[in-house]
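No value in this document is a laboratory result; all are computed from the given coordinates. The shown structure was predicted, so the numbers you read here are calculated from the model rather than taken from an experiment. Cβ: placed from backbone, ideal geometry, glycine included. Neighbour counts: every protein chain shown.
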Amino acid sequence: MAIVPGAWVVQIKSATFHISARNAEAAPEWDRPEFALIGRSNVGKSSMINMLTNKAGLAKVSATPGKTQLLNFFVMNEVWSLVDLPGYGFAKVAKNQKIDFNESVGDYLESRENLRRVFTLIDSRLPPQRIDIDFINWLGETGVPFALIFTKADKQSPTKTKANVDTFLAAMPEHLKGTAPVIVSSSKDRTGRLEILRMIQQGLD
Ligand code: GDP
């Protein structure tokens, strides 16, 4: 029997915004498999959700002012969920810099049993950012499977993207090297879409 690669890619037939939750306790009480997206603000998270679902404006609908600090749940095919997590940044705490991601995100990532994978988005144009590395280090400790998605690849040559990805991977904590799948993406030209959907399909199987 011929293997049809497309058969292993989840098809998104319906995508709807469900709810914005203030914290992990307010998250929907369901056992739907969840796939979360996170990254620094402006990394291209909303564009990616719209690109994956083929619904321009889906993520933006929920990203109305005041909602950017909330956990936004979208339902796909009435079966599984994409979760748009608030972006992280650096907060200056006394003289130290500390990862500032909302406590709700930490609680959600540490406790959500139906969370199948976290997609951590990284801007492919930048040299390794400490905050991304620190976040991945923290995420690695939770034991939740994750993948690295290098966004906005259309903005530069493939050679430059590859060089930046390699530099980033070399800067990863030693014990996490090689543990996470890597995907290069562009929401503009839809690069990486099938790879992401294939990974989601694997998480659903
Ligand atoms: P978010 O803050 O992470 O949700 O980021 P957005 O999805 O709102 O994107 C931030 C900016 O980057 C917007 O101006 C997008 O149009 C742009 N952007 C996002 N993804 C891409 C991409 O793949 N290619 C290009 N060229 N621009 C992108």
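Ignoring aspartates and glutamates fewer than eight residues from residue 13 along the same chain, the ones with Cα atoms less than 12 angstrom from its Cα are 78.
Once the C-beta distance of residue 154 and residue 14 is scaled by a Förster radius of 25 Å, the resulting FRET efficiency is 0.35 to the nearest 0.05.
Any of 60/162; 45/160; 60/188 with alpha carbons more than 23 Å apart? Name them for me. Among 60/162; 45/160; 60/188, the Cα-Cα distance tops 23 Å for 60/162. For residue 39, the residues whose amide H sits under 5 Å from its own are 88, 121, ignoring neighbours fewer than 5 places away on the same chain, with H placed 1.01 Å from N. Listed by chain and number, the aspartates and glutamates whose C-alpha is less than 15 Å from the C-alpha of residue 177, apart from same-chain residues fewer than 8 away, are 132, 134, 141, 166.
Among all stretches of the chain without exposed GluC sites (Glu not before Pro) (DSSP loop, at most 16 other Cβ atoms within 10 Å), which one is longest? Counting at most 16 other Cβ atoms within 10 Å as exposed, the longest clean stretch of the chain is 114-205. Principal semi-axes of the equivalent ellipsoid, √(5λ) from the alpha carbon gyration tensor of the chain, are 24, 22, 17 Å from largest down.
Here the simple spin-label model places points 7 Å from the Cα toward Cβ, and for residue 22 and residue 141 these points are separated by 2.8 nm.
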